[in-house]
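The values are calculated or read from the model by the stated rules, or taken from the named source; none is laboratory data. Bear in mind the structure is a predicted one, so any value in this text is a computation, not a measurement. Don't worry about glycine lacking a Cβ; one is built from the backbone with ideal geometry, like all the others, and counts go over all protein chains shown. With ligands, DNA and RNA removed, areas are computed over all heavy atoms of the protein, side chains included. Shrake-Rupley method; radii C 1.70, N 1.55, O 1.52, S 1.80 Å.
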Amino acid sequence: MNDVYLRGNSYSLYKRDFFKADKIILDVGVFQLLRDRITVHSLAVQDADVTIFKTKSGYTNLSIFRLVNQRGNLPHETRSFLLDIDNVVFRDVSFNFTDSVKSKSYQFRFVKTKHEVSVIDSLLTMKINGSMYFDGLLFNSAKGKFLADRAASVALHFDFQPAKHLWTIHPSALEFEKSKLDLKGAITLSPGGEFDLAFASKNLDVEEAKTLVDFHLANQLRKYRVSKPVNIQVHLKGQAVPGSKPRVAVQFSSTAESDVAIKQVSFSNLNFSGTFINHVNENLLYDGQNSRVTIKSFNGRYGHLPVSGKLTITELRDPKIDLSLVTKMSLQELNNMADRQHLIFDNGTLQTQLSYKGHLKEYLNPANKTLNGVLNGTTKIINGSFHYSPGRVKVKNLNANFRFDRKKLTVEKLQFSLNENPVSVQGEVQDLIPFFVLPESRTKVNLKLNSPGFNLSSVLTPQRKQARTKGYQPDRTLSALVDQLIKKVDLDVQVKAKSLTYKNFKARNVSARMLLNHESLQAKRVEMETAGGYLEGNLSIEHLDQSNRPLDVSLEVNQADITQFFNGFDNFNQNTIQANNLQGKLSLKASFSAVLDEELKVLAPTMQGRISSLISEGIHYQLERLKEMRYFLLIKRKLSEISFDDL
């Protein structure tokens, strides 16, 4: 049959056929036809359109059908012969349903499908297999279409019970270009009817999934990027009531290590599994505030850091998170984040555990200067070592225990050797969290540092500039963090050392308070035993970020051996009076200022000072210029040696 159509009484008004086909091919049993019975062995429909519509006035062209009697049964004598055909083939058959009252529409096309239709009593059963093309399924005009412009291979199996208006979807499948979606469930097609649907996929491509849902859901899913397919199961249960939201339960997991991005936060090599529900409390509305996302487990890499843990997110309008995170790695892995021509980790293990409970926006929003959530954690470093080239710093035997919360980090144990100098540290770091989120914030570090012996020469040796390897492009993530830490830290250290040396200078029982920031170094209440006497004083070096650094020193010396004292300070960088010309005991009060160069050497022309001193127990003074004075002053007096009790 060619050019077949079926239209209602209102065709002249709406100009739309219910059914129109270019060609219909029937395979009819001839012998049964001779007996006034119609038996159709197969049916093929080509290039056809099925259009169902409902106007705002309530008219629908479905009124041309009266297949169901008042009891909702399909009596045998009125049942269409089309309902018992095992072999029905559609080629390019389009279906278009439009409900202008509810602003809904469904458009799809049977590209090449095989249909099996049967009726037992009042139960209509249909199976559809083949290829289809979906123009779109519009359930809510404000949110857009599902399956917009998508091709799929289908294997559908469903029943319809007219008396109950019930569609039952038996296990069926839609296979798209990259993903296969299994579905089953039931839908009651009556006002306020219930539905219970389940969808599942063992290899859902997340990017493709964004094209299968409406644009409202797609916009939400754009926050997430997952490079590998995921396993997912979705269960929807509810009623077809305007404004009503279904009960939703989702299970999901990764199928392989994936690159995952959530807004600006990125992970690599990530495995994960979790759930989502919108009915934490069954007595409340099924909405975001009553929802919970649970990541039961995850492990992968955040940047270069290996991370694992679990996460729960609730109250999605203003999300609250409950996070437990663990990272365990070798310190050498941090070299991937460092400029290896400056900072290199050689050995050791780093372990961190943290938990956080609070609002997600607190650390995602830079405007927050405090963290009101509950943060707790520990960090351990075991047998670590690294070296930092700009200051020729070499740290070995590093073992540390840190404990932190939202207010401070406590240094419970920190032991290491710094350029072969053994050091132990305890203390705390204040305002550490703002340091990471607020560019203008500064971190306060209060420490107690102890050493049995410290050689400052090993630390203050002038550095030599290193030529950068040609073509080397470092990842400066960690190096930049260290540089920022140096610039943004206000350091307050109580120092105690049993011995201290710097070049020729030697001291015992040293104590001081050191204050350091990016601009200045101050040493307050410096006390030590040196040169057989006692020294106390204060020191400051300003403009550390510049080439010329003003130095101010005030000190008091009591009963120091003057020879050892001058030797210890390298004769104060002058040649007129030297240690080997002096003997005696020195007591003095002095103030001294000068300018230091980049190598921390005193620029002699800048020296200024005031000294009130007492030299006792004699002086042995051999000075060539003074000897020459005997030819015109104090003639015939021996001037190579002058001795006295007090001067």
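Annotations for the structure displayed:
- Residue pairs whose Cβ atoms lie under 7 Å apart, separated by 6 or more positions or on different chains, with the first residue in region 244-255 and part of a loop (DSSP other than H, G, I, E, B) and the second open to solvent by 60 Å² or more (accessible area, probe 1.4 Å) and polar (S, T, N, Q), are THR255/ASN203.
- Taken together, the residues in region 400-410 that are among the hydrophobic types (A, V, I, L, M, F, W, C) and either at pLDDT below 95 or more than 31 Å from the chain's Cα centre (by Cα) (or both) amount to 2.
- Residue check for ASN397: surrounded by fewer than 17 Cβ atoms within 10 Å (Cβ to Cβ) and either touching a Lys or Arg at 6+ places or on another chain (Cβ under 9 Å) or modelled with pLDDT of 90 or more (or both): yes
- Of all positions in region 276-288, at least one carries a residue that is touching a residue at least 12 places away in the same chain (Cβ under 8 Å) and in contact with a His (Cβ under 7 Å, 6 or more places away or on another chain).
- Candidates are the residues of region 365-394 that are within 22 Å of the chain's Cα centre (by Cα), open to solvent by 30 Å² or more (accessible area, probe 1.4 Å) and hydrophobic (A, V, I, L, M, F, W, C); the one that is modelled with the lowest pLDDT is ALA367.
- Residue, farthest from ASN580 (Cα to Cα), within region 507-547, restricted to residues that are modelled with pLDDT of 90 or more and of a type in the set (S, T, N, Q): GLN522
- Taken over region 519-561, residues that are in contact with a helix residue (DSSP H, G or I) (Cβ under 8 Å, 6 or more places away or on another chain) and surrounded by 15 or more Cβ atoms within 10 Å (Cβ to Cβ) amount to 4.
- In region 169-204, the residues that are in contact with a strand residue (DSSP E or B) (Cβ under 8 Å, 6 or more places away or on another chain) and among the small types (Gly, Ala, Ser): SER172, ALA173, SER179, GLY185, ALA186, GLY192, GLY193, ALA198, ALA200, SER201
- Of the residues contained in region 427-440, none is found to be at pLDDT 95 or above, surrounded by fewer than 16 Cβ atoms within 10 Å (Cβ to Cβ) and of a type in the set (A, V, I, L, M).
- For region 94-129, taking the residues that are in contact with a Gly (Cβ under 8 Å, 6 or more places away or on another chain) and open to solvent by 70 Å² or more (accessible area, probe 1.4 Å), the one that is farthest from ASN219 (Cα to Cα) is identified as LYS114.
- Scanning region 218-229 for residues that are touching a helix residue (DSSP H, G or I) at 6+ places or on another chain (Cβ under 6 Å) and under 24 Å from SER297 (Cβ atoms), we see that the one that is surrounded by the most Cβ atoms within 10 Å (Cβ to Cβ) is VAL226.
- Of residues in region 1-50 being surrounded by 15 or more Cβ atoms within 10 Å (Cβ to Cβ) and modelled with pLDDT under 75, the one farthest from LYS112 (Cα to Cα): GLY8
- Within region 130-166, restricting attention to residues that are open to solvent by 70 Å² or more (accessible area, probe 1.4 Å) and in a strand (DSSP E or B), the residue that is modelled with the lowest pLDDT is PHE139.
- The listed residues are SER593, SER616, SER612, and the only one of them that is modelled with pLDDT of 80 or more and either of a type in the set (Val, Ile, Thr) or touching an Asp or Glu at 6+ places or on another chain (Cβ under 8 Å) (or both) turns out to be SER593.
- Looking across ASN278, ASN269, one residue alone is of a type outside the set (D, E, K, R), in contact with a Gly (Cβ under 9 Å, 6 or more places away or on another chain) and on the phi > 0 side of the Ramachandran plot. It is ASN269.
- Picking from residues in region 238-284 that are aromatic (Phe, Trp, Tyr) and farther than 30 Å from THR188 by Cβ, the one that is least open to solvent (accessible area, probe 1.4 Å) is PHE272.
- Within region 405-424, considering residues that are under 13 Å from ASN446 (Cβ atoms) and of a type in the set (Val, Ile, Thr), the one surrounded by the fewest Cβ atoms within 10 Å (Cβ to Cβ): THR410
- Inter-residue pairs, beta-carbon under 6 Å, first within 12 Å of THR501 (Cβ to Cβ) and in region 441-461, second of a type in the set (Val, Ile, Thr) and open to solvent by 30 Å² or more (accessible area, probe 1.4 Å), 6+ apart: ASN455/THR501
- Checking every residue in region 412-420 against the condition of being assigned to a strand (DSSP E or B), under 26 Å from TYR302 (Cα atoms), at pLDDT 75 or above and hydroxyl-bearing (Ser, Thr, Tyr) gives zero matches.
- Residue count for region 562-589 under the criterion of being surrounded by fewer than 21 Cβ atoms within 10 Å (Cβ to Cβ) and part of a helix (DSSP H, G or I): the result is 10.
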